[in-house]
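Take a look at the structure set out below.
The values are calculated or read from the model by the stated rules, or taken from the named source; none is laboratory data. Just so we're clear, the structure is a prediction, and the values are computed from it rather than from any experiment. No Cβ is skipped: glycine too gets one built from the backbone with ideal geometry, and neighbour counts run over all protein chains shown.
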Amino acid sequence: MNTVDHILKNHSGIGMETFKLQLHPRANIDARCLDNWIQLAINSGVKELALELSLHIKTKYDFPCALLSCETGSCIQSLRLFSCAFRPTETFGCLRRLTHVFLHSVLINEEELGHLLSNSCAMEKLELLSCNEIVRLEIPSTLSKLSLLRVLGCKILQAIEINATKLSTFHYGGAPVQNCFGDLLQARDIHMLGFLQRDMICDARTKLPSIAPNVVSLTLSSHTEIVNTPTVPGKFLHLKYLDILLSGRLIFSPSYDFFSLISFINASPALESFVLRLKQDGLRQDSILAESDGHPKDIRQLECRHDCLRMVTITGFCSSKGLVELTCHILENASSLKRLTLDTTSDHERSFDMIDRCFTMSKEALAEAHRSLKAIRRYIVDKVP
């Protein structure tokens, strides 16, 4: 503590640009000391201020918001806070250069967040992760430069209202909100992570074409998908990249029809790349090999051209009849297809670049991988041009 205090005092006021403090869970530093260090950093005119505390600390540290109200606080361009309390009681009038705010596990409610955002006209990126006191999130029209909004894991969030007209990247993960996401007309990159939401793929297919008509890159993740993806009139006219992750209970249930995902492909005339990732760890009960003599009586076919589709990747490929039919449909209707990858392992079973090993596959997963390979050889290989 004495060393850090000495260094900060020696550099105070002479051009310090970044102050980033990461505290170990067992670090015994009192709040007055932290207040003093943050004040020294702000008085030095730092552009980037980051405070990362441990989630295991029972009593949250109260960030000294009053320090941001002084003129020296106007130099801050990036504010990153992790596991603390942020309780502004009034609007900040001098954060005119603030472009990036990252709050992770921060105690802050919507009114307090409003104090931070109301005069931050230069804001370009706003990221809220596990901020569990926010019930309603309102992005004001004054954030005219906001291009990226990430909202993940805010457990009690019920509504989001977006009035930032230049928002191009929107990432959301959590419980379903009651009202729509507002103005996403300019959004090009959208991630929807449904780890607290049921039938998120179905909702995205139904609602997104009307509220985000200009999306180019779409990533969807669902852990509980009971309803098949519907065929509805709305289209994604500009969508070029589609990434869908399906995991959880639906993988073990034959009730979900993978063939219904054609609805997304048919609705995306400009689609160039399609990635489907399946997380599974067991034998498929709807295997195409389970039909009599291994020859299905009816292979579904649709005539719909996908002339822009060039790259298709399916990880966790299984012997499900619907998935085999989906793959055959793509091969027969995508005239520009250059690469088709069918991987019988899941993403989490691959070896990492930094770890020289692979994760273990269960006996059931290995058995399903062998069945999947047999289904590929029997029904798919001959259709490859």
How many residues, within the range 114-129, are modelled with pLDDT of 95 or more, of a type outside the set (D, E, K, R) and out of contact with any Leu (no Cβ under 6 Å at 6 or more places or on another chain)? 0
Picking from Leu55, Leu40, Leu67, Leu79, which residue would you name as being within 32 Å of the chain's Cα centre (by Cα), aliphatic (A, V, I, L, M) and surrounded by 13 or more Cβ atoms within 10 Å (Cβ to Cβ)? Leu79
Cβ pairs under 6 Å, 6+ apart, first in the range 34-60 and on the phi > 0 side of the Ramachandran plot, second modelled with pLDDT under 90 and of a type in the set (D, E, K, R): none
For the condition in contact with a Gly (Cβ under 8 Å, 6 or more places away or on another chain) and modelled with pLDDT of 90 or more, what is the one hit in Arg339, Arg378? Arg378
Neighbours by Cβ (under 6 Å, 6+ apart or cross-chain): first from the range 154-174, on the phi < 0 side of the Ramachandran plot; second among the charged types (D, E, K, R): Ala159/Arg136; Glu161/Glu138; Ile162/Asp183; Ser168/Arg188; Thr169/Asp189; His171/Arg150
Can you name the number of the only condition in (1) more than 23 Å from Ser130 (Cβ to Cβ); (2) crowded, with 17+ Cβ neighbours inside 10 Å that Asn28 fails? (2)
Could you please let me know if Ala270 is more than 20 Å from Ile226 (Cα to Cα), surrounded by fewer than 17 Cβ atoms within 10 Å (Cβ to Cβ) and modelled with pLDDT of 85 or more? yes
Quick test for you: out of Ile139, Ile156, Ile134, Ile211, pick the one residue that is in the same structural domain as Leu103 (by TED's automatic domain parsing), surrounded by fewer than 19 Cβ atoms within 10 Å (Cβ to Cβ) and of a type in the set (A, V, I, L, M). Ile156
Inspect all residues belonging to the range 37-47 and state whether any of them is closer than 22 Å to Asn163 by Cα, hydroxyl-bearing (Ser, Thr, Tyr) and in a loop (DSSP other than H, G, I, E, B). no
Got at least one residue in the range 108-131 being closer than 22 Å to Ser78 by Cα, out of contact with any Gly (no Cβ under 6 Å at 6 or more places or on another chain) and β-branched (Val, Ile, Thr)? yes
Here are some conditions: (1) surrounded by 17 or more Cβ atoms within 10 Å (Cβ to Cβ); (2) within 14 Å of Arg80 (Cβ to Cβ). Lys47 meets all but one. Which one does it not meet? (1)
Residue list for the range 40-54, restricted to those being modelled with pLDDT of 90 or more and polar (S, T, N, Q): none
